[in-house]
């Protein structure tokens, strides 16, 4: 890069034979160098930050995927039993083979806006604890989740 700059300035001096103008423009370039460095630093920082965020999201999605592959479906069944209005919830998410992407989007919106009424007794928590202990799900150890 330095060699290229020297070559360009040498060509300019030889071609236009005006050292005064060349020095003037060189100093102008040097005056804006800190500003250019600051702009590049800010832009590069934002790019790296976005990249790190994508990586964290990817790792989180992998952890969620591992969780659901190990314990998810049965755990959801246990947790749904705490909902007092299960029939209403079942109507929102009664998935069938005929569902389209539009049906899944509609269900997602309905669940996101739904109000849940959770009632849990000690005996149900003990059953849940026993289930979680029996799954051997490595996710709980990884996340350091206290189980009852």
Within segment 99-125, the count of residues that are within 30 Å of the chain's Cα centre (by Cα) and assigned to a loop (DSSP other than H, G, I, E, B) comes to 6
For residue 82, indicate whether it is more than 30 Å from residue 11 (Cβ to Cβ), modelled with pLDDT of 80 or more and touching a helix residue (DSSP H, G or I) at 6+ places or on another chain (Cβ under 9 Å). yes
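The values are calculated or read from the model by the stated rules, or taken from the named source; none is laboratory data. The structure displayed is predicted, hence computed values, not measured ones. Note that we place each Cβ from the backbone using ideal geometry, even for glycine, and neighbour counts take in every protein chain shown.
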